[in-house]
Amino acid sequence: MSSVIERLVVAVERVVEINFGVHVPLDQVTSLVTGFGACGLVRALDDTQRNYAVTVRRAGAMEVLRNSAGSRERHGWFAWHFAAP
């Protein structure tokens, strides 16, 4: 039974890379990154505090992340894209 569950988790797992602009204050970056934690596992990609990866394992969480990222991307806060599998 666990192998079926593992396959389902892998099927919806996506990694999203988020890169914040240098004009965004670091306290705002911290706040947004904390919020992204509700969507999945967040890890820093480097020590700049501006580049992160979010591993999303639930389809519903992906939709939340997509909505949140989309509105802020339009305002120039950050760019985001799906990482290569």
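The values are calculated or read from the model by the stated rules, or taken from the named source; none is laboratory data. Keep in mind the model is a prediction, meaning the values are calculated, not measured. Note: ideal-geometry Cβ built from the backbone for every residue, glycine included; neighbour counts use all protein chains shown. The area values use the complete protein model at the heavy-atom level, side chains included, leaving out ligands, DNA and RNA. Shrake-Rupley method; radii C 1.70, N 1.55, O 1.52, S 1.80 Å.
Annotations for the structure displayed:
- Checklist (1) touching a strand residue (DSSP E or B) at 6+ places or on another chain (Cβ under 9 Å); (2) surrounded by 10 or more Cβ atoms within 10 Å (Cβ to Cβ); (3) at pLDDT below 90 applied to residue 85, failing item: (2)
- The criterion of at least 1 residues that are touching a Leu at 6+ places or on another chain (Cβ under 7 Å) is met by the following strands (runs of 3 or more DSSP E) wholly inside segment 38-82: 51-56.
- Any pair with Cβ under 8 angstrom, 6 or more apart, that starts in segment 1-26 at a residue that is closer than 18 Å to residue 80 by Cα and at pLDDT 90 or above and ends at one that is of a type in the set (Phe, Trp, Tyr) and in a helix (DSSP H, G or I): 18/36
- Restricting segment 54-82 to residues that are surrounded by 16 or more Cβ atoms within 10 Å (Cβ to Cβ) and among the aliphatic types (A, V, I, L, M), the residue that is modelled with the lowest pLDDT: 69
- Residue 31 meets each of the listed conditions (1) open to solvent by 50 Å² or more (accessible area, probe 1.4 Å); (2) in a loop (DSSP other than H, G, I, E, B); (3) at pLDDT 85 or above apart from (2).
- Residues of segment 34-49 classified as more than 18 Å from residue 62 (Cβ to Cβ) and open to solvent by less than 80 Å² (accessible area, probe 1.4 Å), total: 4
- Pair list, Cβ under 6 Å, 6 or more apart: segment 55-83 residue in contact (Cβ under 8 Å) with a residue 24 or more places away in the chain and among the small types (Gly, Ala, Ser), other residue part of a helix (DSSP H, G or I) and surrounded by fewer than 17 Cβ atoms within 10 Å (Cβ to Cβ): 59/12
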